[in-house]
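Here's the structure we're looking at; comments come further down.
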Amino acid sequence: MKILLINWMIYTSVMVVLAIAVFTDLRHHKIYNKLTLTAAALGIALNAIKGGPSGLLFSLEGFALGLAFLLIPFVLGGMGAGDVKLLAALGAFLGPWLIFNTFLYGAIAGGLIAVIILIRRKQLVSTIYLLLSPGRWLLAEGAQSGSVYFPYALAIALGTLIALGLP
């Protein structure tokens with residue numbers, strides 16, 4: 001009974017965290033530290049209560065893996081720190097296997113969202129040309145000024161929902 005209640009708390013918390021993160025990312029272009037840090041602490045605590053030391057390790061592994069997946073894109077300037085902390089916090093709830101799947105499905109969802117954004121801005125063909133021209137993207141004048149804001153919390157949320165919904 002205790003495990004069922006904690007599992008319910010974990011999955012409910014994940015849904016609430018995702019809803020808040022997507023809302024704030026779409027509205028304010030930010031995922032707040034209060035959300036991600038509180039979520040990570042709650043995920044670690046719930047898994048420790050559920051599984052003792054092995055639950056704690058499970059949660060810490062998920063947190064570390066979630067952090068590691070998006071750290072390089074963040075360092076290269078491809079995404080915000082909030083996205084990295086969101087995936088890490090989700091890893092604290094879901095553990096290493098589900099956060100791995102969340103990352104993969106989120107990357108696919110993110111790619112599809114990016115294509116939709118480029119189509120709507122009528123920039124898909126020029127972007128493909130730029131990417132396929134060796135070295136040209138390095139020389140593209142004003143490439144950064146034409147960058148598009150991408151609410152990656154939405155991709156992470158879709159990836160999480162897919163990962164949780166698949167067997």
Which of the residues that make up segment 11-51 are more than 17 Å from the chain's Cα centre (by Cα) and among the β-branched types (V, I, T)?
T12, I44, I49
Count, please, the residues in segment 7-32 that happen to be touching a residue at least 24 places away in the same chain (Cβ under 8 Å), in a helix (DSSP H, G or I) and among the charged types (D, E, K, R).
1
Does L139 count as touching a Phe, Trp or Tyr at 6+ places or on another chain (Cβ under 6 Å) and either at pLDDT below 75 or among the hydroxyl-bearing types (S, T, Y) (or both)?
no
Among (1) surrounded by 15 or more Cβ atoms within 10 Å (Cβ to Cβ); (2) of a type in the set (G, A, S); (3) under 17 Å from the mean Cα position of the chain (by Cα) - the single one G55 does not satisfy
(3)
Test: K122 is among the basic types (K, R), modelled with pLDDT of 90 or more and either surrounded by 12 or more Cβ atoms within 10 Å (Cβ to Cβ) or more than 16 Å from L18 (Cβ to Cβ) (or both)
no
Residues that are touching an Asp or Glu at 6+ places or on another chain (Cβ under 8 Å), at least 1 per element: which helices (runs of 4 or more DSSP H) completely within segment 33-140 meet that?
33-75, 81-120
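The values are calculated or read from the model by the stated rules, or taken from the named source; none is laboratory data. Fair warning: this is a prediction, and the values are worked out from it, not measured in the lab. Cβ coordinates were reconstructed from backbone atoms using ideal geometry, including for glycine residues, and neighbour counts include every protein chain displayed.
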